[in-house]
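Undergrad: Here's a structure for you.
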Amino acid sequence: MIQKKIAHNPLGAHVAVVGATGAVGREMLHCLEALKFPVREIDLLASKRSAGRVVDTPWGRKTIQTAQEFDFCGVDIALFSAGKDVSLELASRVVDAGALMIDNTSAFRRDSRWPLIVPEVNGHLIELKSGIIANPNCSTIQMVLALKALDDAVGIDDVRVVTYQSCSGAGQKGIDALLDETRMALEGKRSATSKVHARGIAFDVVPQIGALLDNGNTEEEEKMMFETRKILQREDLRVCATCVRVPVVRSHSEVVSLVTRKALSIEEAQAILDDMPGLRVTDIRQPGAYPTATQAENLFETLVGRVRRDPVDPNGLIFWIVSDNLLKGAALNAVQIACAAWNQE
Ligand SMILES: NC(=O)c1ccc[n+]([C@@H]2O[C@H](COP(=O)([O-])OP(=O)(O)OC[C@H]3O[C@@H](n4cnc5c(N)ncnc54)[C@H](OP(=O)(O)O)[C@@H]3O)[C@@H](O)[C@H]2O)c1
């Protein structure tokens, strides 16, 4: 794949949204509008199943086209959220056509040729060139915002995270499964299995997201550990993740424990986290005003609370962090990358 500089059209960009009918794709359209991304032309793409459907958008009525039959020539920025296989299938066509592919799937996150970006953390790596920029996993993005702030301020080591991830992390079908299974359970027909989640999710918590690997970790846990080191450029950072699916529709919550190289008071740690762009500590001088998953729904900010010292380590710090997985965890981060790339000229 040869990378070419994209010609910056002052009238705006030609954007293609691949996976436009999905949980993330729909939020991408919302974020493009909310961030006032200069859209000159937009194409909405999905599978054959949705082709021909007409959708009202802020840029007029658009007909969904089949991604595999679409010609990417003339597209400046292609936002992908149609699953790993679709990204792998279409990437060379997008890049060879001279477009920048911003990919929400796991297809290219481990590929050392392409950057893995959270704009507030490593946005300096963004370039307006054809090629690929990978968007990290939803649970990683919200955590690295906080890790970056603390690492820059005092240095961090030994990160342990436990996640409480919502069902929309598995897309629209993940939400539908939660609602269907809950309805069935209320009718006395609770199922131990699920068509989407690793186990029946109604009134339960499930410590498995993605396949279970031979080393005992799950795919989701491996993603969090690898991606955190790549984004922070801290190959030495020890990260241990446990990822859990919970019966929540939207927003992922996490408990993060880490060791700082200099001991911080709670007030100092709160101030460092609150100063980080994209983060807000909700309970400064207001104990009990910690955030929850439903409070974070539809917010662009990631919320932090319950910052406390770890009683078993003088340099240990623990906090709770919550973010809308469909926004900062996916669509918003991708559109922020698009904005930063386009504004570079
Ligand atoms: N949900 C999250 O929190 C989250 C966060 C970060 C990253 N991601 C990643 O983003 C991707 C999409 O997630 P989602 O939650 O939006 O899933 P989703 O709600 O299931 O939507 C999937 C989208 O992909 C399209 N699609 C599926 N198969 C296709 C094919 N063969 N060719 C073309 N288009 C196809 C679907 O189109 P049809 O309507 O035609 O089926 C739909 O638009 C996944 O790779 C996921 O891992 C999700």
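Undergrad: Pull up the DSSP beta bridges for segment 1-93 and report the antiparallel fraction as a percent, rounded to 5.
TA: Bridges in segment 1-93 that DSSP calls antiparallel: roughly 25 percent.
Undergrad: Got a sec to turn the phi values of segment 302-318 into Karplus ³J(HN,Hα) couplings, 6.51 cos²θ - 1.76 cosθ + 1.60 with θ = phi - 60°, whole Hz, x for Gly and Pro?
TA: 9, 9, 10, x, 6, 5, 8, 7, 7, x, 9, 8, x, 9, x, 9, 10
Undergrad: Beta carbons within 10 angstrom, averaged per residue: use that to sort the peptides 159-167, 232-240, 132-140, highest first.
TA: 132-140, 159-167, 232-240
Undergrad: Continuing with the same structure: So for the chain, averaging the separation of alpha carbon pairs under 8 Å that are six or more residues apart and normalising by length, what relative contact order in percent results? Show your work: numbers first, answer last.
TA: Working: 786 pairs, mean separation 65.1, N = 345.
Reported relative contact order: 19 percent.
Undergrad: Setting aside same-chain residues fewer than 8 positions from K189, which lysines have a Cα under 25 Å from its Cα?
TA: K173
Undergrad: Of all DSSP beta bridges in segment 140-325, what percent run antiparallel (nearest 5)?
TA: Details: 22 of 32 bridges.
Restricted to segment 140-325, the bridges split so that about 70 percent are antiparallel.
Undergrad: Just want the ordering: K173, K148, from fewest to most Cβ atoms lying within 10 Å of their own Cβ.
TA: Working: K173 15, K148 22.
Exposure proxy ranking, most exposed first: K173, K148.
Undergrad: Springs between alpha-carbon atoms under 10 Å, Gaussian network over the chain: tell me which of G316, G169, G216 tops the mean-square fluctuations.
TA: G216
Undergrad: Just the number, please: percent antiparallel of the DSSP beta bridges in the chain, rounded to the nearest 5.
TA: In the chain, DSSP labels about 45 percent of beta bridges as antiparallel.
Undergrad: Show the residues, 5+ positions off or on another chain, whose built amide H is closer than 5 Å to the amide H of A78.
TA: Amide H neighbours of A78, under 5 Å, 5+ apart: A16, L100, M101, I102.
Undergrad: How do the peptides 326-336, 109-119 rank, highest first, by the average count of neighbouring beta carbon atoms within 10 Å per residue? Walk me through the numbers on the way to the answer.
TA: Details: 326-336: 27.2, 109-119: 18.2.
Result, highest mean Cβ count within 10 Å first: 326-336, 109-119.
Undergrad: Still on this structure, I have one more. Using a Gaussian network model on the chain with a 10 Å cutoff between Cα atoms, which of Q172, Q286, Q208 fluctuates the most?
TA: Result: Q286 has the largest fluctuation of those listed.
Quick note: the coordinates plus some simple rules give every number you see, no bench work behind them. Nothing here was measured: the structure is a model prediction, and the numbers come from that model. When we count neighbours, we look across all protein chains shown, and the Cβ atoms used for this are built from the backbone with ideal geometry, even at glycine.
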